[in-house]
Every structure is written in structure tokens, then in C-alpha cells.
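Below is one structure, written out as C-alpha cells; the observations come after it.
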Amino acid sequence: MTDIAFWTATELGPLIKSRQLSPVELTKHILNRIDKIDSILRTYITPLPELALQQAREAEDDIMHGKYIGPLHGIPIGIKDNYVTKGIRTTVGSKLFANFIPEESATTVKKLLGAGAIMLGKQNMHELAAGSTGTNPFFGTTRNPWNTDYMPGGSSGGGTASLADGLATLATGTDTFGSIRLPAAMCGVYGLKPTYGLVSTYGVIPSAWSLDTAGPMARSVSDLALMLNYMAGFDANDPASLKVAVPNYTENLNKGIRGVKIGIPSYYLERLDSDVEKLFLHAISILRSLGAEIKELVIPELAMATFAGYATVTGEASAFHYDWLQKYPKDYSEDIRTFFLAGTLTGTPQYVRAQQARRKMVKALDQVFQDVDILVGPTIPITTPAFSDSWIEQNLEVVKRCLPFTSPINLTGLPSLAVPMGLDKRGLPVGMQLIGNHLSEKLLLQIGSAWENNEPLTMTLQGT
């Protein structure tokens, strides 16, 4: 692909380092695309062209004076609008936060900008990170670049759509019950939900405290690894932050997967749309041909995920929003208000039972990972839906269908890498997720890289 707006950070970085590519020219090029295309796609809530160009000029000046600081230096990035940013509006896609100007930036934002990344703007998202379609009645609905009649997924749909149509080189997301992986599947890009606590969520407006995870999104596995090298690490400001050594996540990307033991839970073979099933069976055959050992598994405890997921997400979200729901009910769209109010009906017995179910799932999966290296399944069981006039009911239906496939990973704190699996019969992307044991991101990225190198989903979108 000749348009540099679609090049990966892995490709752009060496050119910037060697001064063959100007960060200013790269940033201008992507900003021009945003100006031309984003009125249709609505991937940004708050574009920041002046700040981005200022940061690009500073990066270029530093590089020209021999102060290159690493592979993200001069790389344009979009920041999901639930990461607080000092002095820059952070809306969380909500009327409630429409005029919120934070006094500090999220830890992850500081790390990425400190590594030299260029912030293009704050990206659109499903309201309050509580939906899966990308509809947003307050800041405009994000549309899927592959076909604008279709949804991009949510809640990180602004980031994934921007990656799919060359409106950002990298993007940040959050994943509470699938909000990185689901839109990555619908937009045909890569997204990583890290181990709970590996990446700081300090400065990320919460959805559900015990599930919220911040992670990278990109057009390649190697770009995810580059981002994770900077995003991961202990943060004393985050009570859930893990105090563990951070490896170099790019080290093993070319090792291949011969001898890797992959489990296929029967749970992920049920309730699949026909195109998803066909593509997943093909994916299994490809993984086997690459040298992986495939084993089908039965994990009955995964059936607890729907109950435990709803009780935990709605319970914790309603606790955070409880006072606002009473004072400003009209500042919530109907579907989000319904979703959160359902959480107020989650009594202590239900919440406790949900946490007991989580412990049982953790124990079961700990046992499974004694026999296999990773688990694999479709990211979601459905192909990407077209937008419906009944968008409120549609959001609740998409959540209902997809949460059983994504929430087990959130409930157990495991990492999961979403990769493109192919195109359905309408030419829209379908995704697969690679699920690992705690802190197995390096292995997941290694396997994801082998998959990408053998089954790439060619991005041919040059504009909308």
C-alpha cells in the first residue's frame, strides 16, 4: 500500500529515525485525511490539529539534532476519549462529561507522549464505554470504513475505524467486556486486551473497576508489541497495578508457532453465524498447518460468564454513576440509562454469586493452561450488523450476543489478542481471539505475528 497513512509504526519508525521521513509531513498527511473523511466516519470527538503539528515539529527538531528516543518518536496516535488529558476536553462520549477539562493526564497518555508519539486527537467511543455498536447521539455515530452502513463496534470503535481508514497510525482502547476486541474484529485491525493490571488505568474514567483494562490497537501485531513496551509497567497511582518485570514484547515475533499447544473450547464453537463458523474452521486448519498442536476442550465453567459478566458490569457501573443517574437522568441516552439502572437492581447476593463464579472460572482456566499454551475462538459469534433504526434495542442485542464470547477474559483477568480472521460474504472483516494465561502477552504476540504473516487481512481501503 503506497499511502503512508496506512503504513504501520514498525514501517514508519526506521524512516523517521534515519530522517528519510518527516514527522511533520506524516502528521500533516493524516490530519488532511481526517479533515477530508472524518465528517463521514466520525472517528474523532476532539481533533487536535494544532497541538499535533506542534508536537510533530518538536519531534522533528529533536530527531534532527540527534535526540531520537525510540520507535514511537514522531508516530501519530489517537487517544480514546475516556483517557483524561490535561487541559484537553475529555467527554467519555457522554453529555455528562461534555465540558470536562482534566487537570492531569492518564498515566498511559503520559507514557506514550513521553515516548514521542504525536496526539492527533481524542477519539469517538460508545457513550461511557458501555456499548458495542459505536452509536453516539451526542457526538455523532462512528461508521465502519469497510461499509458506512455498518457499525464499527464499540466501545473503542473510533480508534479501530480510524486505523482501518488511515486516520491514525496507532490508537489506545479500553476493554471492560470486549471493547477493544469487538471493534477490532468488526474493523479488521489488531487489538490487545492485556492481563488485568499490566497497563495502568489511572486516569481512565471507570466503567467497572474490577474489569477495566487499557490496551493498544494497531494495524499490525508488531505495532501492538511496540506500544505495549511503553504502556505496560507498575503505577503506584493504580491500586490494581501489577508490580512485575516488563519484557521486550517485540523479541519473539518471528519465532513461529511450531509445537505450540492450542486449545479450542467447545464453548466457542456454539451459537456462531455461518460465516464466522466457516472462517474459524479454516483458521484452525491454518494454525495446524503452521505446526500448532490443536486440542478441543470442554470448559463448563465458561457458561457462567453471561450471568457473572452482567452482574459485575452493571453493578459496578451503576455504583460509579449512582448519584448522577438520580440527578441528571436525561444526560444519559436511553440504552445506557437502561443498562446502568439494571445495575441498581443487582443486589449484594447476586454480586457475591457473580464473584464466586469468577473464582470458579479462574480456577478452571488455571487448570486448562496446565495442558495447553493458549486458547483460540472467534472474537464474537456474529458478523458485523448494519445500523438499525432501532439503535437502542440493537445495542442491547449486540451486547447480549457478544458478551458471552468476550467477558470470560475480563472476568478472569486474562490477556486476549484480537486478530483479523478474514472477510465474510459481504466483504466485511471477521475476527479471532487468542487467549493466554496471565502475563502471557509475549507468547500471544508471537503467535499473532505468525498468523499475521501467513493470513494477512489486506487493507485496501483508500478512502470512504
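Quick rundown of the values:
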quantity: At R0 = 60 Å, FRET efficiency that the Cβ-Cβ distance of K327 and A245 yields, to 0.05; calculated: 0.85
quantity: Charge dipole (the range 107-225, unit charges on Cβ, about Cα centre) - positive-most of A218, S156, M125; calculated: A218
quantity: Label point distance in nm, L281-T348, each placed 7 Å from Cα along Cα→Cβ; calculated: 5.1 nm
quantity: Ellipticity estimate at 222 nm from DSSP helix runs (n ≥ 4, -39,500 (n - 2.57)) divided over the chain, nearest 500; calculated: -13000 deg cm²/dmol
quantity: 17 Å cut-off, amide nitrogen to a point 7 angstrom out along D62 Cα→Cβ, residues in the range 244-272; calculated: none
quantity: For L297, distant residues with modelled amide H under 5 Å away; calculated: I264, S266
quantity: Shape call, the chain: gyration tensor on alpha carbons, a/c limit 1.5; calculated: rounded
quantity: Residue-count net charge about G263 - beta-carbon cut-off 12 Å; Lys, Arg +1, Asp, Glu -1; calculated: -2
quantity: Per-residue ³J(HN,Hα) for the range 129-141, Karplus 6.51 cos²θ - 1.76 cosθ + 1.60, θ = phi - 60°, Hz, x for Gly and Pro; calculated: 6, 10, x, 10, 10, x, 6, 8, x, 9, 10, x, 7
quantity: Residue among T43, I77, W146 farthest towards the positive dipole end of the chain, charges placed on Cβ; calculated: I77
quantity: Surrounding net charge for Y202, when Lys and Arg each add one and Asp and Glu each subtract one, Cβ distance under 9 Å; calculated: -2
quantity: For K261, residues with placed amide H under 5 Å, excluding near neighbours; calculated: E293, D373, I374
quantity: Under Karplus coefficients 6.51, -1.76 and 1.60, residue-wise ³J(HN,Hα) of the range 376-383 in Hz, glycine/proline x; calculated: 9, x, x, 4, 9, x, 10, 7
quantity: DSSP-defined antiparallel bridges as percent of all bridges, the chain, nearest 5; calculated: 65 percent
quantity: Largest-first ellipsoid semi-axes for the range 342-418, taking √(5λ) over the Cα gyration tensor eigenvalues, angstrom; calculated: 27, 21, 7
quantity: Whole-Å distance, taken between Cα centres, linking the range 348-382 and the range 228-251; calculated: 23 Å
quantity: Kyte-Doolittle at least -1.0, axis length at least 18 Å by Cα - qualifying DSSP helices, the chain; calculated: 23-41, 49-64, 274-289, 305-327, 348-368, 391-412, 441-454
quantity: Under-5 Å amide H pairs with M432, H placed in peptide plane, nonlocal only; calculated: T379, V419, M421
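Every read-out reported here was derived from the displayed coordinates using simple, explicitly stated rules and does not represent laboratory data. Because the structure is predicted, anything quoted here is derived from the model rather than measured. Reconstructed Cβ throughout: ideal geometry from the backbone, glycine too, with neighbour counts over all protein chains shown.
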